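**Q** My structure is below; once you've seen it, I'll send some questions.
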């Protein structure tokens, strides 16, 4: 006796297509985030001169180092540096994952998400807590990581709701049998009628039309006709900003009042004062450089692990100070978390 199902060739072809898409996506991600720091090396000359050959023999590099000149504005109220130019945001995020989008969870992807909404014709599905994620008919290859995460969370909530409804229906049927026939039946928590993680499938694109009542009013749809302007900026922590401007020399910090470039001494004092209470920062006798300065301690830890090759991100979500990534948040989860007392 044999089971009727898809042929092995069809199954193998589908698996090969899935692996091909996954491999292509990983290759593209590795290409985009190939540089661990915003420091670019020029290509090595194919036919080096005699002087270059001597330098190579002595173990000296023939590459030239070029640092991008990014620009940010110091904001003492949020203890951060704001980067607004799109080209600077792209360089700092793709070459080392510096900063965070102020309108995003991590990667500055607000503009791309808004474009995806417009490409899908303004079709947006609202979940129970009114978070927005793309229409199910939108291709996953065009979605940002934040949209993919939002869709997975919405599907997980829907799966739990469907499973709870199925279990409640089975329990209600058992109570009905007991009331009418007197037989005691233990409600099953698994079976063909109970969705499981292996058998449950997310709603099809057509089923999303049932949420049309939750869509915004027609008057709000005018936003899709207006030109889209990128209003998101990259928010650098003071530790990230000082590492970029002092260690890598690829960031210029502007004064928030005069919009003029700040000197290294002004930045050093301003970053420390930003961590002090407003009352103490105005006292003329208050020392600017302290051994227990929160900025100084945080920067020492940040500089140490960055110099070892780790990608460091804030860990407030997990009640820690820092998270250490081996390559970056787009490749894998954090390897370690760091918590130290300097508050």
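**Q** For segment 65-115, which positions are over 18 Å from residue 312 (Cβ atoms), in a loop (DSSP other than H, G, I, E, B), within 17 Å of the chain's Cα centre (by Cα) and touching a residue at least 40 places away in the same chain (Cβ under 8 Å)?
**A** Within segment 65-115, 102, 103, 104 meet the criteria.
**Q** Follow-up question, since we're still on this one. Of the residues that make up segment 311-324, is at least one buried (at least 16 other Cβ atoms within 10 Å of the Cβ), touching a residue at least 24 places away in the same chain (Cβ under 8 Å) and part of a helix (DSSP H, G or I)?
**A** no
**Q** Continuing with this model, one more query. Name the single residue, out of those in segment 140-169 being under 15 Å from residue 109 (Cβ atoms) and crowded, with 17+ Cβ neighbours inside 10 Å, that is modelled with the highest pLDDT. Before the answer, list the steps.
**A** The initial filter retains those residues of segment 140-169 that are under 15 Å from residue 109 (Cβ atoms), namely 140-151.
Next cut, crowded, with 17+ Cβ neighbours inside 10 Å only: 143-144, 146-147, 150-151.
Numbers: 143: 66, 144: 67, 146: 66, 147: 65, 150: 72, 151: 75.
Per the criteria, the residue is 151.
**Q** Read through the list (1) outside any helix (DSSP H, G or I); (2) modelled with pLDDT of 85 or more, then give the number of the only condition that residue 226 fails.
**A** (2)
The values are calculated or read from the model by the stated rules, or taken from the named source; none is laboratory data. Predicted, not measured: the structure shown is a model, and the values here were computed from it. Glycine also receives a Cβ, built like all others from the backbone with ideal geometry; neighbour counts cover every protein chain displayed.
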